[in-house]
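The values are calculated or read from the model by the stated rules, or taken from the named source; none is laboratory data. All of these numbers come straight from a predicted model, not from anything done at the bench. Counting neighbours? That spans all protein chains shown, and the Cβs are built from the backbone with ideal geometry, glycine included.
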Amino acid sequence: MRSQHIRTELPGPNAQAMLERDRRVVSPSYPRDYPFVMSHGRDTEVWDVDGNRFIDFAAGIAVCSTGHAHPSVVAAIRTATEQFLHISSDYWHEEQIRLAELVAEIAPFEEPAMTFFCNSGTEAVEGALKLARSTSGRQRFIGFIGGFHGRTMGSLAFTASKYSQQAGFFPAMPGVTHVPYPNTYRPLLSGEDQGKAVLDYIENVLFQSNVPANEVAGILVEPIQGEGGYLVPPESFLPGLRALCDRHGILLIADEVQAGAGRTGKMFACEHWGVQPDIVTMAKGVGSGMPIGLVVAKRSIMEKWKRGAHGNTYGGNPVCCAAASATLELVRGGLMQNAATMGAYMTERLLELQSRYPDVIGEVRGKGLMIGVELIQGRTARTPAKEMTDRLLTQAWRNGVLLLSCGASTLRLMPPLTVTKPIADEAMTIIEQSLKAVL
Ligand code: PLP
């Protein structure tokens, strides 16, 4: 089935003309999968420049949490722009203070929280790393195989989901040691409980042989691994990691850039395990599309760094702060609950799809509206089906659904948190038809 709203061959003539202009002047480094050229969007639907309509299950890489152009977010932006567009972090203004107060209300700590403002996920990670180093007096960090934390030199030092992100850029920031992320579908370590196996490896191998625990400033972890394949860790892992950090005076830094802001059905993914990190990074879904990143830390940590230790020009921009406050109010006011409900519904439908295609769908996993569908070649070997995943993405676009992939061969479904049952049903039908077409 192709959406009734696909009117032209794809890409259509207007899209082709723009792709041609783009090829001459825009950096070719962007990892784009298929040529969707956007005209406009409303809620979970987007239109291309040829008038074709698509269901957006990519949400600008998990950014458009409130859907495209949510009226409350647009109104908040409009009101803010009528006051002023920028003043810089050298001064004070109410939108920034108001957002920090709101974040302090929702932060996943019992302790009061403080916020540092920046413009993207990678910058939030850089800020968290600097905060951890400067307040702990320690230099080293631990990150995870399969992790994605951004593409600037500090965050890139942790990013380990695809080699293409690293190739040609070595050396990034020194002092980062990677350990396996607990992967229950394709275990990297022996043992029934992969969470425990990873913790044992850190404690009994790494700390004993190579990386002294008392030199480690922080452990940077995605509570649910995003780019690495939408991997949900086993129950033991995050509470065990918290305990390990406490034993050794290490800061636990939760990268909630992708999983946070309600996407998993809770405001922060770490809350699924009742774990309180010391520092949290946020971006993506917080701003509904306006560029904003946040480093949120326990006050006892953030109040330690002094004037001049870290700053920027645009962080706390009033227009982005207004968009973020409006977004977070919508998220806690109901969208987070919708993410839980619709996530459960979509997961159920995908599990039913898996039961009909057990040789190509290896696993359906995730929480809320962060759902991964592992595509495989053969049930027993669980071999990743990379080429089929790429073809499926393109086929789904041709049929009217925007999707992205992650991991070795995982289809990722991350619609806006506003997604409804009729839209989800339409998308599911198109995804199944697309799967049939590529098989
Ligand atoms: N951290 C996580 C978990 C992410 O998923 C991403 C982006 O995908 C980043 C950090 C980097 O964010 P940005 O692309 O805004 O720099």
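When the stretch 62-72 is filtered for residues that are assigned to a helix (DSSP H, G or I) and surrounded by fewer than 24 Cβ atoms within 10 Å (Cβ to Cβ), the ones remaining, listed by number, are P71, S72. Does F54 satisfy being aromatic (F, W, Y) and assigned to a strand (DSSP E or B)? Taking the combined requirement at face value, the residue satisfies it. Scanning the stretch 254-268 for residues that are more than 12 Å from the ligand (Cβ to nearest atom), farther than 16 Å from E329 by Cβ and either in contact with a Ser or Thr (Cβ under 9 Å, 6 or more places away or on another chain) or not in a loop (DSSP other than H, G, I, E, B) (or both) returns a single hit, G265. Within the stretch 227-237, the presence of a residue that is within 20 Å of the chain's Cα centre (by Cα), over 20 Å from A259 (Cβ atoms) and touching a residue at least 40 places away in the same chain (Cβ under 8 Å) is excluded. Report whether or not L238 is within 14 Å of G143 (Cα to Cα) and either among the hydroxyl-bearing types (S, T, Y) or away from the ligand (no atom under 16 Å from the Cβ) (or both). So L238 fails the test.
Rundown of residues vs (1) assigned by TED's automatic domain parsing to the domain that holds I224; (2) buried (at least 22 other Cβ atoms within 10 Å of the Cβ), yes/no style:
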site: G308; (1), (2): yes, no
site: A326; (1), (2): yes, yes
site: M346; (1), (2): no, yes
site: G366; (1), (2): no, yes
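Within the stretch 73-94, one or more residues are buried (at least 20 other Cβ atoms within 10 Å of the Cβ) and either among the basic types (K, R) or touching an Asp or Glu at 6+ places or on another chain (Cβ under 8 Å) (or both). Looking at V26, V49, just one residue is β-branched (V, I, T), farther than 22 Å from M282 by Cα and in contact with a strand residue (DSSP E or B) (Cβ under 9 Å, 6 or more places away or on another chain), and that residue is V49. Look at (1) over 23 Å from the mean Cα position of the chain (by Cα); (2) exposed (fewer than 14 other Cβ atoms within 10 Å of the Cβ); (3) at pLDDT below 95 and you find that P31 fails only one, number (1). Taken as a whole, the structure places G127 among residues that are under 27 Å from M302 (Cβ atoms), at pLDDT 95 or above and part of a helix (DSSP H, G or I).
Screening F158 against (1) in a helix (DSSP H, G or I); (2) within 25 Å of the chain's Cα centre (by Cα) leaves a single unmet condition, (1). Of the residues examined, E105 is one that is acidic (D, E), outside any loop (DSSP other than H, G, I, E, B) and free of Cβ contacts under 8 Å to residues at least 40 places away in the same chain. Close Cβ contacts (under 7 Å, 6 or more residues apart or on different chains) running from residues in the stretch 116-129 that are closer than 12 Å to T152 by Cα to residues that are among the β-branched types (V, I, T) and near the ligand (Cβ under 10 Å from one of its atoms) comprise G121/V257; G121/T281; T122/T152; A124/V257; A124/T281; V125/T281; E126/T152.
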